[in-house]
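Chemist: Right, I'll just put the structure down here and ask away after.
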Amino acid sequence: MAAVAGLSLKVRQLSTSAARPVSKLVKPPIQVYGLEGRYATALYSAATKQKKLDQVEKELGRVWTLLKDPKLSSVVMNPHTKSAVKQKAVNDALAKEKMSPITVNLMNLLAENGRLRYTPDIVTAFGKIMSAYRGEVLCTVTTAQPLDDANLTELKSALSGFLAKGEVLKLETKTDPSILGGMIVNIGEKYVDMSTRSKIQKLTRIMRETV
């Protein structure tokens, strides 16, 4: 019950109308779990009601950049610094950036509760929600060597076959020489390992089983 009450408080503090109950929470297109998911969901609801989703998304990226600054980080990320001092440091930094009250309220809440260290996770969680909101399907492809333009075009065409109507592919490519060859594909909730390393491991297991 305490956890539910705490979440209710977060939603009210992030929303412009404290009178609205949790039942009025605007549900995100996907559910993100964990503490960062709860904050990101409350933030999405508040930003949706004020029609500031894109603005808040950009501001969150800027916030995380600010918190990486050594001078500010030494204050707000220090567990021995009082929450009131952290709040003032964060407010001073955000005031210079002229950020929206929604973003300022979120950071104040995190500072007050000693949870500023969760900022990058919250930014990531909110990014996932926004990708789903835009109909983007996140896909990560790992290869041993960088793909040339021809292979990249062919790959995008093949991956498009996994998409439903209205969905947009958001592709990220990575290189990992340890997979030796082939590729590893993560698209949505699907995972396909077509790496040479994986094939060698399977062959090794088969050979051991036959001995």
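The values are calculated or read from the model by the stated rules, or taken from the named source; none is laboratory data. Bear in mind that the values here come from a model prediction, so they are computed numbers and not experimental data. All Cβ positions, glycine included, derive from the backbone under ideal geometry; neighbour counts span all protein chains shown. What goes into the accessible areas is simple: the full protein's heavy atoms, side chains included, and nothing from ligands, DNA or RNA. Shrake-Rupley method; radii C 1.70, N 1.55, O 1.52, S 1.80 Å.
Chemist: For the range 24-87, what is the Kirkwood estimate of the hydrodynamic radius, computed as the reciprocal of the mean inverse distance between distinct Cα atoms, to one decimal in Å?
Modeler: The Cα-based Kirkwood calculation yields 13.6 Å.
Chemist: Between Tyr191 and Asp69, what's the calculated FRET efficiency when r is the beta-carbon distance and R0 is 45 Å? Round to 0.05. Write down the numbers at each step before the final one.
Modeler: Details: r = 37 Å, r/R0 = 0.82.
For R0 = 45 Å, the calculated efficiency reads 0.75.
Chemist: Now a separate question. Out of every Cα pair in the chain, what percent are spaced more than 33 Å from each other?
Modeler: Numbers: 7631 of 22155 pairs.
Looking at the chain, the distances longer than 33 Å represent 34 percent of pairs.
Chemist: For the chain, which whole-number percentage of the solvent-accessible area (1.4 Å probe, protein heavy atoms only) is attributable to carbon and sulfur atoms?
Modeler: The C+S portion of the solvent-accessible surface of the chain is 55 percent.
Chemist: Additional query: Expressed as cubic angstrom per residue, what is the convex hull volume of the alpha carbon set of the range 73-174?
Modeler: Once divided by residue count, the hull of the range 73-174 is 159 Å³.
Chemist: Which FRET efficiency, nearest 0.05, do Tyr133 and Thr210 yield, Cβ-Cβ r, R0 45 Å?
Modeler: 0.30
Chemist: Now for a different question. Straight distance only, please: which aspartates and glutamates reach the Cα of Lys165 with their own Cα at less than 16 Å, same-chain residues fewer than 8 apart left out?
Modeler: Glu136
Chemist: Follow-up question, since we're still on this one. Going down the table (Lys68/Lys174; Lys27/Lys128; Lys24/Lys49), which pairs top 21 Å between alpha carbons?
Modeler: Correct reply: Lys68/Lys174.
Chemist: What does the accessible area per residue of the chain come to in Å², with a 1.4 Å probe and no ligands, DNA or RNA counted?
Modeler: Here the per-residue accessible area is 61 Å².
Chemist: For the range 169-211, what mean projected area does the convex hull of the alpha carbons give, in nm²?
Modeler: Convex hull of Cα atoms, orientation-averaged projection: 3.8 nm².
Chemist: Pop a pseudo-label 7 angstrom from the Cα along the beta-carbon direction at both Ala95 and Ser160 and give the gap in nm to one decimal.
Modeler: Spacing of the two 7 Å Cα→Cβ label points: 5.2 nm.
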